[in-house]
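Only one structure is covered here, and it is reproduced in the block below.
The values are calculated or read from the model by the stated rules, or taken from the named source; none is laboratory data. These figures come from a predicted structure and were not determined experimentally. We place every Cβ from the backbone using ideal geometry, glycine too, and count neighbours over all the protein chains shown.
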Amino acid sequence: MSKKVAVIGAGPAGITAAYELAKQGIAVDVYEASDSVGGMSKSIQLWNQTVDIGPHRFFSNDTRINKIWLEVAGRDYRMVNRLTRVYYKRKFFFYPVKLFNALKNLGISEAFVSAFSFLKEKIVPTKDKGTFESWVTQRFGKRLYEIFFKEYTEKLWGIKCTDLDSDFAAQRIKKLSLWEAFKGAIFKGASKKHKTLVDVFAYPTGGTGMIYVRMAEFVKQKGGNVFLKTPIEKIITDNKVAKGITLTDGTSKEYDVVISSMPLTLMVSRLAETPQNIIDNCKSLKYRNTIIVYLHVDGKDLFPDNWLYINSNDVKTGRITNFRNWVPQLYGNENSSILALEYWCYDEDEIWKEDNDKLVELAKKEIEVTGLTKGTKILGGHVYRIPRCYPVYSTGYKEQLQPVEDFLKTYKNLIPIGRYGAFKYNNQDHSILMGFLAAENVAKNAGHDLWVINTDYESYQEQSLITETGLEEKKTTA
């Protein structure tokens, strides 16, 4: 209990770790480079409304995670009916796939080609090459892979699907297949729903970021500190033991434990004892940036989806969120809508360097191309940039990442967590769990292996669900 802990980063993983440590009476200081907590799951105010940094839907089967979330949210949440579709050739396909909707939109000839492509996979499966393309093609057939996945996925990652590791698919769409869609259409309720594609989810009335703001407030109430606009330069170590941190202004502070969610590649490359081969491995690991252009639209009933996947090569945006379709508390008495258009890029891409006004004009043109706003007046635009937000699972990334993980395991009192810090494409629930278990390791010497979170795809047993009335316990089966 006398330990003094530094937490780098106030995203879901970092602030959850600090929150849990504060509950145990452990002194904790949180250092956040930006001006607010929540990381990619923060909420911001625009045009008298609340919006998230893109669409963030919380869902978990894990009772530990759900209890933390409900403990913080209290009764300040609502259940939201999930509607997400794929926009392809000006038609809308339900996602996850609904068989009859897909067949209707495709038309007879395209439906025949897609069905033949799917059946061909059942007879002569595509060779598993460990890539996203081969993984999805095996389950859907080549044609439906091209319709539902290819364009969007290549926009997101900036690499060809043949160069994207199948880990991304395994973590995101493992149980989703055309056969599941068929069973769901013929035998209602017979097919198992993939856990990340539930039809209803709990959403905070103050936006996703409300949870993490409340956690930060609790940390401060318990005597901890949350320092905003305070980036970290490096972690101080001695003989592979974490001893403290150095801020970018040169100030150094001593700590017994450092929990880090700063980008893994930056953190490791700045450790004093990192050998050149590990630094070289870090250089091969890439993060993807996001630009979000918010458009203030003079209308309320634009389209019914929470968000749309844009699988179309006539626009650069890859996903469009309509915050009018989440909870009424976000927009209050306003009669307008806020749409968020996402663009993904690397540091060297021209769009990352583009002027904000030009980005707003691009978004206006592209929303017009989609026809989603039906000519409704655009009242304004706002640009939000997020560097290094998606760890890129390019083929071979595990061979580069594993030595880095092994190297970090030789350190004491240094705990990497989160999407950035562990180089894992976490959902909120994964990051909350990482923060919770990291706190248990510090407070109780629990010995949890945090590296396996979001990699053991079959270990996620259904235990409970958040419903309108609270936590609903579920029976587990062996």
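Annotations for the structure displayed:
- Here residue 96 clears all of (1) in contact with a strand residue (DSSP E or B) (Cβ under 7 Å, 6 or more places away or on another chain); (2) in contact (Cβ under 8 Å) with a residue 60 or more places away in the chain; (3) not in a helix (DSSP H, G or I) except the condition numbered (1).
- Members of the stretch 337-386 that are of a type in the set (Phe, Trp, Tyr), touching a residue at least 60 places away in the same chain (Cβ under 8 Å) and assigned to a strand (DSSP E or B): 344, 384
- Number of positions in the stretch 364-394 that are of a type in the set (Asp, Glu) and either in the same structural domain as residue 418 (by TED's automatic domain parsing) or loosely packed, with under 14 Cβ neighbours inside 10 Å (or both): 0
- Sole exception among (1) out of contact with any strand residue (DSSP E or B) (no Cβ under 8 Å at 6 or more places or on another chain); (2) buried (at least 18 other Cβ atoms within 10 Å of the Cβ); (3) under 21 Å from residue 324 (Cα atoms); (4) not hydrophobic (A, V, I, L, M, F, W, C) for residue 39, by number: (3)
- Top-ranked residue in the stretch 102-139 [being within 25 Å of residue 155 (Cα to Cα) and among the polar types (S, T, N, Q); ranked as surrounded by the most Cβ atoms within 10 Å (Cβ to Cβ)]: 137
- Looking only at the stretch 399-452, and only at residues there that are among the basic types (Lys, Arg) and in a helix (DSSP H, G or I), the one that is nearest to residue 18 (Cα to Cα): 444
- Listed by position, the helices (runs of 4 or more DSSP H) contained in the stretch 129-173 that have at least 3 residues being more than 29 Å from residue 387 (Cα to Cα) and not polar (S, T, N, Q) are 142-145.
- Sole residue being outside any loop (DSSP other than H, G, I, E, B) and over 30 Å from residue 326 (Cβ atoms), chosen from 223, 244: 244
- Hits in the stretch 1-36 (condition: more than 25 Å from the chain's Cα centre (by Cα) and either crowded, with 24+ Cβ neighbours inside 10 Å or within 29 Å of residue 326 (Cβ to Cβ) (or both)): 5, 28
- Inter-residue pairs, beta-carbon under 8 Å, first at positive phi and in the stretch 49-61, second β-branched (Val, Ile, Thr) and assigned to a strand (DSSP E or B), 6+ apart: 54/290; 54/292; 54/321
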